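Working notes, structure below.
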Amino acid sequence: MSKKLIGYLVFFAILVAGFYYFLFRGTEFWKTKLPVISYVKPFHFTTQDGLPFSDRDMLGKVCVVEYFFTTCKGICPKMNTNMKTIYAAFKEEPNFLILSHTCNPETDSFPRMKIYADSIKADTKKWIFLTGRKDSLYQIARSAYLLDDPKNNVQKIEDQFIHTQFFALVDKDGKVRGQVYDGLKQEELERLKKDITSLLKEKAGSGNFVNGIFNNNPQ
């Protein structure tokens, strides 16, 4: 191959690269996106105000998800002290929510959840506390948010207990993104804040949850 032809090929390659750079710069095309690790599945729970809350209420919102219980004396107070820093950083964002599910619904009725929310001075339009049927709460924790090992679902539901320090992050289209974040580790909380900021900048999809949202097979 002649030097002249090689020169033409190099010039053409630079020209094509420059074209794509100017075409897509400033768009999502160049950004490294957080991986999809799971999907939200259909659910119907009850808020601290006794109101219904479903997967559809998450549409268009970036959500941080956790499981705790109000009478916990161990990791839960530490987790929610750390969650307050997430809340403080993003409470003014219109498309942001924190969803705190109880893992002990036998005790955590919605009035008790309301008392807890008030005790930590949470704005329950931004930080929502959810209760419901234990089997439903546990099923979505394991199959959608990946906050507990599905293999733990081998005994009677009344004998099961989820006690996890991990947070999940959900985008505006109901995709669980990034990783499972340790709510007790400062470096992972900082990463969570960074990833929330990234997802808030992403545009939502077509106005409905993506196809396949109700299975657990990320595309």
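Computed from the coordinates by the stated procedures, all read-outs in this text should not be read as laboratory data. Keep in mind that this is a model prediction, so the values were computed, not measured. Cβ: placed from backbone, ideal geometry, glycine included. Neighbour counts: every protein chain shown.
Results, tabulated for the structure shown:
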read-out	value
Links that overshoot a 24 Å alpha carbon limit, given the list Lys114/Lys175; Lys33/Lys175; Lys41/Lys73; Lys61/Lys156; Lys33/Lys172	Lys114/Lys175; Lys41/Lys73; Lys61/Lys156
Per-residue Cβ neighbour rank within 10 angstrom, fewest leading, Ser38, Ser100	Ser38, Ser100
FRET efficiency, 1/(1 + (r/R0)^6) with R0 30 Å, evaluated for Asp149 and Ala89 via beta carbons	0.50
Inter-site label distance for Lys193 and Lys33 at 7 Å from Cα along Cβ, in nm	2.6
In the stretch 51-121, the GluC sites (Glu not before Pro) that fall in loop regions by DSSP, at most 16 other Cβ within 10 Å	Glu92, Glu106
Chymotrypsin sites (Phe, Trp or Tyr not before Pro) within the stretch 135-195, DSSP loop, no more than 16 other Cβ atoms inside 10 Å	Phe161
